[in-house]
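Quick one: structure below, then a few questions.
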Amino acid sequence: MPITLKELADICGAQIVGGNSLSVIDSAADITSARIGQVTQLTNSKYTKHIQNSNASACFIAEGFAVDNIPESLALLVCADPEMSFIKATEFLHPAVTYQAHISPHSILEANISVADDVYIGPYAVIGANTSIGKGSVILAGAYLGNNVSVGENCRIYPYAVIYDDVVLGNNVIIHSGAIIGADGFGYKFRNHQHIKVPQVGNVVINDNVEIGANTCVDRGALGSTVIGKGSKIDNLVQIGHNNKIGQHVIMCGLTGVSGSCQIDDYAILAGSSGIADHVNIGTGAVVMARSGVAGDVKAGAQVFGSPAKDKKTAYKEQIALSKLPELLKKVKLLEEKIQALEQSPLESI
């Protein structure tokens, strides 16, 4: 949606420095590729070098952020929080796709379904019996919702997402394509030389403002509920096992795996490819760094790294020591050779 630079600055609460306030802004881009008519942002000093050759028409920048060699055609949009202002500008310039109330005649709706008046259900979506969908929600083509599912208001279920029976979604929940919510947990008992399946009869409860990435799996509880707390964000390709309790505003990055019956407290961060063993508690605000393997509890506020994961500083010291190991082995070998030479010298006969 094209808009003048002045109008954009007013919307985002920014002050224009330089450039032409009447120039038209039609889209947003990163600072390395922005062209005329686009707005960008500069929030990290390591990208300052790109501004002198930038073709962007405008750039969000923080108050007091020093930068030189600014092109005459580039206007600075000075504001208190350039990242949030840039997000606001991007949302305005690239509005999300909206869907008018509609139920496709090619969708399949089972018996006793409750659908609010302004819901969109796309072609070939399947909605199971006794399922309810709140106002403003969007169920896109090919999505599957099982029986007794509850979908809150303003949710969006992307194509080919699968939501099993009895799942509960709060308001403003986003489920991306390929995600599977409510599949059986991985529970077996070994008896008589075979694995006997433990019945998985619980469900999944996802609270308000949660986003679940593409191809992520959240298993149902064996007996109770697997719970995702308010405002948590789950990346693509994440596995959340049965009976986990995920707190509020937790971040889980791609390829993370959480075994069953874990407690992940509020504001914790699980970085990419981290793995959590079963029955582990990750404390409030704790950070599990990328590719770490956690076998025991992590205290609130701690930062852990490695496999097995330990305090970040300790793990870093160990990594540095390991990097010096080849040099140390060479020194040991040299010392061994010197000792052997001394042992074989004529001094032995004295």
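Every read-out reported here was derived from the displayed coordinates using simple, explicitly stated rules and does not represent laboratory data. Everything quoted here is computed from the prediction, not taken from an experiment. Don't worry about glycine lacking a Cβ; one is built from the backbone with ideal geometry, like all the others, and counts go over all protein chains shown.
Roughly speaking, what is the stretch gain from PHE190 to ASN215, that is 0.36 nm per residue apart minus the C-alpha to C-alpha distance, in nm to one decimal?
Details: separation 25, 0.36 × 25 = 9.00 nm, distance 2.96 nm.
Difference between extended and current length: 6.0 nm.
Tell me, MET289, MET1 in order of fewest to most beta-carbon neighbours within 10 Å?
Ordered by Cβ neighbours within 10 Å, fewest first: MET1, MET289.
What distance in nm lies between label points placed 7 Å from Cα along the C-beta direction at SER273 and SER104?
3.8 nm
In a GNM of the chain with a 10 Å cut-off on Cα contacts, which of LYS245, LYS46, LYS230 has the highest mean-square fluctuation?
Ranking LYS245, LYS46, LYS230 by mean-square fluctuation puts LYS46 first.
Taking the stretch 1-111 as the region of interest, what is the percent of Cα-Cα pairs per 10 angstrom bin, listed from the shortest bin to the one with the maximum distance?
15, 46, 20, 7, 8, 5, 0
Of all DSSP beta bridges in the stretch 3-93, what percent run antiparallel (nearest 5)?
30 percent
I need the Debye-formula profile for the chain: one equal scatterer per C-alpha, no solvent, reported as log10 I(q)/I(0) at q = 0.09, 0.14, 0.15 1/Å, two decimals.
Log-scaled intensity ratios, in q order: -0.70, -1.14, -1.17.
Among GLY260, GLY229, GLY18, which one moves the most in a GNM of the chain with springs linking Cα atoms closer than 10 Å?
Looking only at GLY260, GLY229, GLY18, the largest GNM fluctuation is found for GLY18.
Taking the beta-carbon count within 10 Å as an exposure proxy, list VAL201, VAL39, VAL97 from fewest neighbours to most.
Details: VAL201 12, VAL39 28, VAL97 7.
If I rank by nearby Cβ atoms, fewest first, I get VAL97, VAL201, VAL39.
Show me, for the stretch 37-54, the HN-Hα J-couplings you get by feeding each phi into the Karplus relation (A = 6.51, B = -1.76, C = 1.60, θ = phi - 60°), rounded to Hz, glycine and proline as x.
So the J values, rounded to whole Hz, are x, 10, 10, 9, 9, 10, 10, 10, 4, 6, 9, 4, 4, 7, 6, 5, 10, 6.
Starting from the amide H of GLY293, placed 1.01 Å from N in the peptide plane, find each other amide H under 5 Å away whose residue is 5 or more places distant or on another chain.
Long-range HN contacts for GLY293: GLY275, GLY306, SER307, ALA309.
Within the chain, what is the longest stretch that has no GluC sites (Glu not before Pro) placed in a DSSP loop and near at most 11 other beta-carbon atoms within 10 Å?
Details: sites that count: GLU63, GLU72.
Free of exposed loop sites, the longest segment is 73-350.
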